[in-house]
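Student: Below are the structure tokens for one structure; questions will follow.
The values are calculated or read from the model by the stated rules, or taken from the named source; none is laboratory data. As the structure is a prediction and not an experimental result, all values here were calculated from the model. Quick reminder, even Gly has a Cβ in these numbers, built from the backbone with ideal geometry, and neighbours come from all protein chains shown.
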Amino acid sequence: QDMTLKLGHLANEANSWHKASMLFAEEVAKRTEGRIAVEVYPNDSLGREIDLINGMQLGTVEMTITGESLQNWAPMAALLAIPYAHASLEEMDAVASGEIGDQIEAQIIERAQVRPIAYFARGPRNLTANKAITTPADLAGIRMRVPNVPLFVDTWSALGAQPTPMAFSEVFTSLQNGTIAAQENPLALIQSASFNEVQSHVNLTEHVRGWIYLTVAEQVWQQIPEQDQAHILEAAAVAQQFEREQFLKDEDLIRADLEQKGMTFHEVDQAAFAEASQKAVIDGVDESIRPIVQEMFAN
Amino acid sequence: MGLLFFALIAVVMTQITTRTFGLPSPVWTEELSRYLLLYLVAFGVGLSLLTGELVNVDLLQETVSEKAAWVMRFLAAACTGVLGAIMIWPAWKFTKIGAFQQSPSLRWPMDIIHASVLVLSVFLCLFALLRMIAMLSGVDDGRPQYVEDIE
Amino acid sequence: MELFLLIATFFATLAIGVPVAVCLGLSSLAYILAAGLPVVIIPQRMYAGMDVFVLLCIPGFILAGNLMNFGGITERIIRLANALVGWMRGGLAMANVADSMLFGGVSGTAVADVAATGGVMIPGMKKSGYPADFAAAITAASSTVGPMLPPSVPMIIVGALSGISVGQLFLAGAVPGVLMGLGMGIACFVIARRRNFPRQAWQGWGELLAAFLGAFWALAMTALIIGGLLTGVATPTETAIVACVYAFVVGAFVYRELPVRAVPRIVINSAVSSAGILALVGFANVFGSILASERIPQLLVTSVLTITDNPILVILLINILLLIVGMFMETIAALIILFVPLLGLATSVGIDPLHFATFAVLNLMIGLTTPPVGVCLFVACNIARVPLAGVIRAVVPFLISNIIVLFLVSYYPPFATWLPTTLMGTTP
Ligand code: NA
Ligand code: NA
């Protein structure tokens, strides 16, 4: 064995990212005949996303799963999470694996010194609350939590809500005591954080469809012999396909589980949400990517 | 340091007030409060070494002679100085990679924030050295100096 | 080999009296150098450990405690406590326990709790004639009730790590938390008899009423905090800062005893105290991340399973392991590293996850008051300004009482699961 790649990520062991990572490790060992070993550390046990990216630049960790957080380094990574940019998973796939995806990856490699080798679709973000919210008008005056992402604040302000950025660790208690009345996240996170206990409705806003990358530190990648680089990319492709199957299966299971736990799901006038937020989204993104965002909306 | 603390309070109160009264919540409060906290530690760590608030376990020192205990306290200060000194260069490296990164809401270059660990290392080293010098010149016996009560 | 160096350096430096934070840093350094890793791990992991929003409640509650101390709030609370239970032997010690249960229902972390109640209760108990080391010991021990009662930072972290419902976790900790409080109250009662601690004559209903009215604004602080939480004005972390502002306003403008000139110094002293604790958290994160990358937790799990798969023995082994870990590690770091692998171990032998989470957190709370790395013990020592050795002796009876509660909860699951199951339906 010549090299060990430590892969840290934030998901728990039941998550499809983790299962795909484990498969990736297996495939890499098989294809490189044991020359390269991948060790997977779930649950942030190797550090949180931003720390891991810093660690990859400093040579203290080799791999992670990361997405729009990379925009702190590479502004184009913001394109991984643009509200209402893709109407369906297929449309998102076309962007992620197309020309725009290539540009994003190139900028990430250059500015953040990490190399994307596969991408996983993220579950669309949905809005939970204690009432049905099916049109932007239902949002009037609702205090909701958003992650510390200015674009999300702008989007929800434009939709008429009162977004407040808050650390994730505070969200459950704040929903419980009413500091906030709503929050938005993918179904998997709604389930793992038990928001079903403090929120009764899932409004299928599907406002952000995005993806996330499996990445290797660029300085490590350059040390890997070309033939093993090829093996790693093959393994990554296998993991990507497996993750997609697992992800689609999980989304249905999670919805069923949340429904069984008493949450009501509502179809939402997504077109109205998309229209009401579009200007704010275009104004809110970095100038360097504005033309691309406009193009994405135009399609 | 006091100013950092006041700023911290002001930032958090801004968050609470705007949210409570339905005003637009500034997006940067959570971020800024974390950064202020980091600098609070960076500037406070040296003094906390002198006041014993970095937490010494003096069980063994109390069982040996005063002379041996003095040597142990001197060694402890030296160890602290060494750790601080060794951390300075890597902390500088860590600071430098921050330059490529911007904070999500304030859009500050992150080297400014990463530098808090550099400041921490320098202060740790500096205050340990000060204590060693003071111990050698007999000004300080190396015991924790409790802050005087405010009357 | 590197691992041996890590442990050996830690104990060697600890023994000569190097500050614990520095011990954690130096032993990590020894490991990193021996393993040929980049030293930049230290500043990087330290930064990551301190760049956490919930840590904000530490300086917040320390400052609030100091402001209450200098603003005349302390004395009024003590007067009330004396009027209320001072006529019993050891009454103030029991008031200390009750105080922590009340504060714990607000703060969510034990360290913040020692800082808040300790800043008030320790000087008060000293003034009333209690030995300083006993005052520090009961303050440290009682503070560990806080995170068992909701809200609770460790429980939130457990929920985030494992997907167990945070609401159920909060409820699961409540009964064990009350049991801990009762246990320590009984211990106080017994010790107070034996050591003949001070008591005052019953001062009559008039004094009780006067003391209550005098302490009204001080008591209203607790009500304000709880009210703020319940009505959703502030999140648990923000509550700490609200407490500072309130303590300042009451001290300076209502009681008019807080010298405004002295405020900058109070703030600086609080900042220095917080810096020490937070630096400790930072270095503990470096140390913890080395253990994690060595996969020590997984190693432990597999070794336990080779010994036995009997649930009763596994619970015992887990408790012994966590008690030892709790002696040397900061709670949040210990949870991050150990909780998920141990949960896997527990469920593999049929232990209910909610039950496991409850006794695991309770166990790590005990670690906050055990030497050599007992953060609450240290903070209490600093506030009381007494050497650690005496406090360690004084804390033993409370440790025993807490360990008894730990074993009750470990071997009788309904203590943990009854309340959440009754109020929220079946456990997942
Ligand atoms: Na107490
Ligand atoms: Na609590």
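Student: Of A:Val238, A:Val216, which residue is part of a strand (DSSP E or B), of a type in the set (A, V, I, L, M, F, W, C) and under 13 Å from A:Val28 (Cβ atoms)?
Tutor: Details: A:Val238 fails: part of a strand (DSSP E or B).
Step by step, each of A:Val238, A:Val216 is checked, and only A:Val216 is part of a strand (DSSP E or B), of a type in the set (A, V, I, L, M, F, W, C) and under 13 Å from A:Val28 (Cβ atoms).
Conditions tested, residue by residue: (1) farther than 19 Å from C:Ser289 by Cβ; (2) under 16 Å from the mean Cα position of the chain (by Cα); (3) crowded, with 24+ Cβ neighbours inside 10 Å.
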| position | (1), (2), (3) |
| --- | --- |
| A:Gly8 | no, yes, yes |
| A:Asn12 | no, yes, no |
| A:Ala20 | yes, yes, yes |
| A:Leu23 | yes, no, no |
| A:Gly34 | yes, no, no |
| A:Val38 | no, no, no |
| A:Ile50 | no, yes, no |
| A:Met63 | no, no, yes |
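Student: Can you pull out the residues in the range B:76-112 that are facing chain C (nearest Cβ under 8 Å) and of a type outside the set (S, T, N, Q)? Outline the logic, then answer.
Tutor: Of the residues in the range B:76-112, the ones facing chain C (nearest Cβ under 8 Å) are B:76, B:79-80, B:82-83, B:86-87, B:89-91, B:93-94.
The answer is B:Ala76, B:Cys79, B:Val82, B:Leu83, B:Ile86, B:Met87, B:Trp89, B:Pro90, B:Ala91, B:Lys93, B:Phe94.
Student: Considering only the range B:8-39, state which residues are surrounded by 21 or more Cβ atoms within 10 Å (Cβ to Cβ), hydroxyl-bearing (Ser, Thr, Tyr) and more than 17 Å from the chain's Cα centre (by Cα).
Tutor: B:Ser25, B:Thr29
Table: residues versus (1) among the aliphatic types (A, V, I, L, M); (2) at the interface with chain B (Cβ under 8 Å from one of its Cβ atoms); (3) assigned to a helix (DSSP H, G or I).
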residue: C:Ala240; (1), (2), (3): yes, no, yes
residue: C:Cys244; (1), (2), (3): no, yes, yes
residue: C:Val249; (1), (2), (3): yes, no, yes
residue: C:Leu258; (1), (2), (3): yes, no, no
residue: C:Ala262; (1), (2), (3): yes, yes, yes
residue: C:Arg265; (1), (2), (3): no, yes, yes
residue: C:Ile268; (1), (2), (3): yes, yes, yes
residue: C:Ala271; (1), (2), (3): yes, yes, yes
residue: C:Ile277; (1), (2), (3): yes, yes, yes
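Student: I'm trying to understand the selection: among the residues of the range C:32-57, which are surrounded by fewer than 24 Cβ atoms within 10 Å (Cβ to Cβ), in a helix (DSSP H, G or I) and more than 8 Å from every other protein chain (Cβ to nearest Cβ)?
Tutor: Matches in the range C:32-57: C:Ile32, C:Leu33, C:Ala34.
Student: A follow-up question, please. Quick one: in the range C:360-391, which of the residues that are without any contact (Cβ under 8 Å) to a residue 60 or more places away in the chain and under 21 Å from C:Gly185 (Cα atoms) is farthest from the other protein chains (Cβ to nearest Cβ)?
Tutor: It comes out as C:Asn363.
Student: Quick check on the range C:289-326: of everything there that is over 29 Å from C:Ile32 (Cβ atoms) and polar (S, T, N, Q), which residue is surrounded by the most Cβ atoms within 10 Å (Cβ to Cβ)?
Tutor: Initial filter on the range C:289-326 (over 29 Å from C:Ile32 (Cβ atoms)): C:305-320.
Filter again for polar (S, T, N, Q), leaving C:306, C:308, C:310, C:319.
Values: C:Thr306: 7, C:Thr308: 13, C:Asn310: 11, C:Asn319: 20.
Top of the filtered list is C:Asn319.
Student: Out of B:Gly22, B:Gly46, B:Gly52, report the one residue that is facing chain C (nearest Cβ under 9 Å) and in a loop (DSSP other than H, G, I, E, B). So that I can check it myself, show each step before the final result.
Tutor: On the way: B:Gly22 fails: facing chain C (nearest Cβ under 9 Å); B:Gly46 fails: in a loop (DSSP other than H, G, I, E, B).
Criteria check complete, one pass: B:Gly52.
Student: For C:Ser273, are the conditions met, namely being surrounded by 24 or more Cβ atoms within 10 Å (Cβ to Cβ) and modelled with pLDDT under 85? Quick ask: steps written out before the conclusion?
Tutor: Numbers: surrounded by 24 or more Cβ atoms within 10 Å (Cβ to Cβ): yes; modelled with pLDDT under 85: yes.
Considered against the rule, which asks whether it is surrounded by 24 or more Cβ atoms within 10 Å (Cβ to Cβ) and modelled with pLDDT under 85, C:Ser273 comes out as yes.
Student: Search the range C:143-176 for residues being more than 10 Å from chain A (Cβ to nearest Cβ) and either in contact with a Cys (Cβ under 9 Å, 6 or more places away or on another chain) or surrounded by fewer than 24 Cβ atoms within 10 Å (Cβ to Cβ) (or both), and hand back the single one that is modelled with the highest pLDDT.
Tutor: Here the residue is C:Val175.
Student: Can you tell me which residue among A:Asn185, A:Asn148 is assigned to a loop (DSSP other than H, G, I, E, B) and within 14 Å of chain C (Cβ to nearest Cβ)?
Tutor: Numbers: A:Asn185 fails: assigned to a loop (DSSP other than H, G, I, E, B).
Every option except A:Asn148 fails the conditions.
Student: Looking at the range A:159-172, is at least one residue of a type outside the set (Lys, Arg) and closer than 17 Å to A:Ala271 by Cβ? Let's see the steps before the verdict.
Tutor: Pass one, the range A:159-172, residues of a type outside the set (Lys, Arg): A:159-172.
Restricting the remaining residues to those that are closer than 17 Å to A:Ala271 by Cβ gives A:159-160.
Yes, there is a match, as at least one residue in the range A:159-172 is of a type outside the set (Lys, Arg) and closer than 17 Å to A:Ala271 by Cβ.
Student: Looking at A:Thr173, A:Thr155, A:Thr215, A:Thr205, which one is hydroxyl-bearing (Ser, Thr, Tyr) and without any contact (Cβ under 8 Å) to a residue 40 or more places away in the chain? Before you say what the answer is, go through the steps one by one.
Tutor: Values: A:Thr155 fails: without any contact (Cβ under 8 Å) to a residue 40 or more places away in the chain; A:Thr215 fails: without any contact (Cβ under 8 Å) to a residue 40 or more places away in the chain; A:Thr205 fails: without any contact (Cβ under 8 Å) to a residue 40 or more places away in the chain.
On inspection, the qualifying residue turns out to be A:Thr173.
Student: Give just the number: which of (1) at pLDDT below 95; (2) assigned to a strand (DSSP E or B) does A:Phe265 not satisfy?
Tutor: All conditions are met except number (1).
Student: The conditions are (1) facing another protein chain (nearest Cβ under 9 Å); (2) touching a residue at least 12 places away in the same chain (Cβ under 8 Å), and A:Leu70 fails exactly one of them. Which is it?
Tutor: All conditions are met except number (1).
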